[in-house]
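Below is one structure; the comments refer to it alone.
Throughout, read-outs are computed from the coordinates displayed, never taken from laboratory work. Just so we're clear, the structure is a prediction, and the values are computed from it rather than from any experiment. Cβ placement follows ideal geometry from the backbone for every residue including glycine, while neighbour counts extend to all protein chains displayed.
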Amino acid sequence: MLKMSNIQKILTESIQLLTQSDSPRLDSEILLCHVLGVTRSYLYAWSDKQLSIEQYSQFKILLNRRIKNEPIAYITGYKEFWSLNLQVTKATLIPRPETELLVEQVLTRLTTNSQKQIIDLGTGSGAIALAIAKERPYCHILATDSSKAALKIAKKNAKSLKLTQVNFIHSHWWKNLNTIKVDIVVSNPPYIAINDSHLNQANIQYEPKSALIAGKYGLNAIQEIIAESYFHLKSKAWLLLEHGYDQEKSVCKLFLQHKYKAIKTYYDLNNIPRVTVGQI
Ligand code: GLN
C-alpha cells in the first residue's frame, strides 16, 4: 500500500484506506500535518511536494493506527476544547464538544471577576477546569481525578496553558477532600450503562473504561456525586452535571431526592438533554 509520492497523491490514497472513518479526508490531512509540522493550508499550497522517506514512513505508521480506529486525538496527542489545545493520552477521556455546554452553564453562574471556589470532579485532561480558569481568572479552582496518570496530564496542560491557578488533587470524587465547601461543583462523570451497545463502537475502545462506564444504568457515579456534594456546597451553591441522552428524568429525580432546588436540564446543540443542575 501507499507508494512514496507527493502530498496530493498520498492524501488521495490514504482517504481510500480509511474506509471506516466518518471523516477520511480530515483524518488524513490532520495526520499528515502532524508529521510535517504544518497547517492544513500548507497541504493545499504545496500539494505536489514530495515527502522524505522518514516523513513518509512516519505517516504510514500513524495512518495504520487510524485504520485500526484509534481516535485521531490519541494519535496526535492533542484535542481542542474551548479553543484550548489540550494534551490527551489513553489515561484521559477525549474531551467532547458537548461538554462545552457544561462550561457555559458554569460561566453563566460566575461574574467576570468572580473569586468563587469551584471544584471539577474527575477532571481527566483538565478540560473543564482549565476552560473555566481561562474565562474566570480570579476563581479558585480545584480539580480532582482518581487516576494519577490523568492528573499528570491535567497538570501538564495547566502549565503549558499558563493556567497555574488551578490546583489538582488525587481523589475519588470527594474521598480525600475532608470538609472543604465550595460555590460550584462541576463534573462530567462516567455515565454509560455497562450493557450499552454504544460501548461496542470502535473509537470508544481506546478510552479509559473508568471514565465512561458507571454501573448497570450508568448512574452510579452521578448518584454518588449528587449525594456527597450536598455536604460540600455552601448556601445557594450549584452542582452541575453532564449526563447521557436518556438520563434527564433519573438525574432530576436524584437531585430531588437529595433535596436540591432549582433543578433544571439544559440541551446541547444536537437538542439532547445533556446537563442538569441543582442548587442548595
Ligand atoms: N459523552 C461520552 C460518550 O458518549 C461519554 C462521556 C462520559 O461518560 N462522561 O462517548
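At a glance:
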read-out: Residue satisfying all of: in segment 171-198; within 15 Å of the ligand (Cβ to nearest atom) and of a type in the set (Val, Ile, Thr); farthest from Gly278 (Cα to Cα) among these; value: Ile194
read-out: Restricting segment 228-253 to residues that are more than 17 Å from Trp173 (Cα to Cα) and hydrophobic (A, V, I, L, M, F, W, C), the residue that is surrounded by the most Cβ atoms within 10 Å (Cβ to Cβ); value: Val251
read-out: Selection status of Thr112, farther than 21 Å from Ser235 by Cβ, in a strand (DSSP E or B) and out of contact with any helix residue (DSSP H, G or I) (no Cβ under 6 Å at 6 or more places or on another chain); value: no
read-out: Hits in segment 257-279 (condition: aliphatic (A, V, I, L, M) and within 24 Å of Gln117 (Cα to Cα)); value: Ala262, Ile263, Val275, Val277
read-out: Which numbered condition Leu241 fails, given (1) within 16 Å of Thr144 (Cα to Cα); (2) more than 12 Å from the ligand (Cβ to nearest atom); value: (2)
read-out: Any strands (runs of 3 or more DSSP E) falling wholly within segment 187-280 and containing at least 2 residues that are in contact (Cβ under 8 Å) with a residue 12 or more places away in the chain and among the β-branched types (Val, Ile, Thr); value: 261-267, 273-279
read-out: Residue pairs meeting the criteria (Cβ under 8 Å; at least 6 apart or on separate chains; first among the charged types (D, E, K, R), in segment 93-108; second assigned to a loop (DSSP other than H, G, I, E, B) and away from the ligand (no atom under 11 Å from the Cβ)); value: Glu98/Leu269; Glu98/Asn270; Glu100/Trp82
read-out: Boolean, Thr123 is of a type in the set (Ser, Thr, Tyr), over 16 Å from the mean Cα position of the chain (by Cα) and not in a helix (DSSP H, G or I); value: no
